[in-house]
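Asker: If you scroll down you'll find the structure; I have some questions about it.
The values are calculated or read from the model by the stated rules, or taken from the named source; none is laboratory data. This one's a predicted model, so the numbers in the text were calculated from it and none came from an experiment. Using ideal geometry, Cβ is built from the backbone for each residue, glycine included, and neighbour counts are taken over all protein chains shown.
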Amino acid sequence: MNDLLDILDQDVLVNEQVLEKYIAGTATHQEQHEIEKMMLQSADFEAAVEGLSAFKNKEQLAAYNQMLKKTVRALAQKNKKKKKYKLLDTEPWTIAAVAIILLLCIVCYLVIKLM
């Protein structure tokens, strides 16, 4: 579940705290370089950093982040339930057709075996 909340690659040295330091301007030179390299590689990441930079109030950013995490958890749970019931979501006529075919095979086998 936590992997759904962590959208950044594990082998990259960038996480939420590093992004917050980058936006605040307190990131180290190496952290700035990593973030800028990722921004060049991914337009989505660049848009995300620009969106984070638009937040002036850090409390508002933290509240928004918590709300997003809660929404992602809820969606993940919903999708997990859907996937669980999807296996059982077979049309009744399909099950009936398979059962009839199996019964016919058994009857044919018995008829051939008894002759």
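Asker: Is there a residue in segment 4-27 that is of a type in the set (Val, Ile, Thr), modelled with pLDDT under 60 and more than 22 Å from TYR64 (Cβ to Cβ)?
Answerer: Restricting attention to segment 4-27, the residues satisfying the condition of being of a type in the set (Val, Ile, Thr) are 7, 12, 14, 18, 23, 26.
Still in the list and also modelled with pLDDT under 60: 7, 12.
Those left that are additionally more than 22 Å from TYR64 (Cβ to Cβ): 12.
Yes, that holds for at least one residue.
Asker: Right, next: Take the conditions closer than 30 Å to GLY25 by Cβ and either within 16 Å of the chain's Cα centre (by Cα) or at pLDDT below 80 (or both) and apply them to LYS84. Does it pass?
Answerer: Values: closer than 30 Å to GLY25 by Cβ: no; either within 16 Å of the chain's Cα centre (by Cα) or at pLDDT below 80 (or both): yes.
Taking the combined requirement at face value, the residue does not satisfy it.
Asker: Shifting gears a bit: Which members of segment 41-60 meet the condition of being part of a helix (DSSP H, G or I), free of Cβ contacts under 8 Å to residues at least 24 places away in the same chain and under 24 Å from the mean Cα position of the chain (by Cα)?
Answerer: GLN41, ALA43, ASP44, PHE45, GLU46, ALA47, ALA48, GLU50, GLY51
Asker: Of the numbered conditions (1) at pLDDT 85 or above; (2) under 14 Å from GLU16 (Cβ atoms); (3) surrounded by fewer than 13 Cβ atoms within 10 Å (Cβ to Cβ), LYS58 satisfies every one except a single condition; which is it?
Answerer: Failed condition: (1).
Asker: Further question on the same structure: Just to check your reading of the model, which residue among LEU104, LEU114 is surrounded by 10 or more Cβ atoms within 10 Å (Cβ to Cβ) and without any contact (Cβ under 8 Å) to a residue 40 or more places away in the chain?
Answerer: Values: LEU114 fails: surrounded by 10 or more Cβ atoms within 10 Å (Cβ to Cβ).
Step by step, each of LEU104, LEU114 is checked, and only LEU104 is surrounded by 10 or more Cβ atoms within 10 Å (Cβ to Cβ) and without any contact (Cβ under 8 Å) to a residue 40 or more places away in the chain.
Asker: So, one more: Just one of (1) at pLDDT below 85; (2) touching a helix residue (DSSP H, G or I) at 6+ places or on another chain (Cβ under 6 Å) trips up GLU46, so point out which.
Answerer: Going through the list (1) at pLDDT below 85; (2) touching a helix residue (DSSP H, G or I) at 6+ places or on another chain (Cβ under 6 Å), GLU46 breaks only (1).
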